[in-house]
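The structure's right below; bear with me while I get my questions together.
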Amino acid sequence: QVQLVESGGGLVQAGGSLRLSCAASGRTISSVAMGWFRQAPGNEREFVATINWSGTTTYSADSVKGRFTISRDNAKKTVYLQMNSLKPEDTAVYYCAARRSSVTAYDQDDYYYWGQGTQVTVSS
């Protein structure tokens, strides 16, 4: 079992930055790919970014490319999402998720473990 706990969310003005953290406990996550997803009110949960087991391969959604960066520290069993140049449309609950595979994935159905989410609100 893997338990994931997100932190770092909050209220920020447009143009500001936040760094989300996802701390894992239980089984190690050092050998599996991780991802960030988000869900805005009234919308389905959508892919944000993914990173492979070693951190050498990352992919981001077009809507956040150039503004958000996913990274990981396997020694700390933590995955990060650095969010810069935030926009009101980035407002959502952000979820961290872990695969059972070392390879990145875009589809939330490919992720097995999920955190409870952290709220990010961007004011205009």
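The values are calculated or read from the model by the stated rules, or taken from the named source; none is laboratory data. Just so you know, these numbers come straight off a predicted model, no measurement behind them. Ideal geometry is used to build each Cβ from the backbone, glycine not excepted, and the neighbour counts take in all protein chains shown. All accessible areas refer to the heavy atoms of the entire protein, side chains included, with ligands and DNA or RNA removed. Shrake-Rupley method; radii C 1.70, N 1.55, O 1.52, S 1.80 Å.
Need the full-extension length gain, N84 to A23, defined as separation in residues times 0.36 nm minus the C-alpha distance. One decimal, nm. All intermediate terms of the calculation are to be shown ahead of the outcome.
Numbers: separation 61, 0.36 × 61 = 21.96 nm, distance 2.07 nm.
Roughly 19.9 nm would be gained on extension.
Would you tally the net charge around G26, using a Cβ to Cβ cut-off of less than 14 Å, leaving G26 out, and scoring K and R as +1, D and E as -1?
Working: positive: R27, K77, R100; negative: none.
My count for the surroundings of G26 gives +3.
For the chain, with every protein chain kept in place, what is the accessible area per residue (1.4 Å probe, Å²)? Present the calculation step by step, with values, prior to reporting the outcome.
On the way: 6260 Å² over 124 residues.
About 50 Å² of surface per residue is accessible.
Compute the signed sum of charges (Lys and Arg +1, Asp and Glu -1) over the other residues within less than 12 Å, Cβ to Cβ, of G117.
Details: positive: R38, R45; negative: E6.
Counting the neighbours of G117, the net charge comes to +1.
Ok, one more. Take every DSSP beta bridge with both residues inside the chain and express the antiparallel ones as a percent of the total, to the nearest 5. Mind dumping the intermediate values first?
On the way: 37 of 41 bridges.
The antiparallel fraction comes to roughly 90 percent.
Follow-up question, since we're still on this one. Compute the signed sum of charges (Lys and Arg +1, Asp and Glu -1) over the other residues within less than 14 Å, Cβ to Cβ, of E44.
Around E44, the charge tally is -1.
Also, quick follow-up: Return the distance in nm (one decimal) between the two label points of a simple spin-label model at S54 and Q108, each offset 7 Å from Cα along Cα→Cβ.
According to this spin-label approximation, the distance is 3.1 nm.
Highest mean first, how do 100-106, 31-37 rank when packing is the count of other Cβ atoms within 10 Å averaged over residues?
Working: 100-106: 14.7, 31-37: 23.1.
Put in order of decreasing packing, that is 31-37, 100-106.
To continue, here is another question. Give the relative contact order (percent, whole number) for the chain; include only Cα pairs under 8 Å separated by 6+ residues.
Numbers: 327 pairs, mean separation 44.7, N = 124.
Taking the mean separation of contacting Cα pairs over the length of the chain, I get 36 percent.
With a 1.4 Å probe and every protein chain kept in, tell me what percent of the accessible surface of the chain is carbon plus sulfur. Spell out each step's value before the answer.
Details: 2820 of 6260 Å².
Whole-percent figure for carbon plus sulfur exposure: 45.
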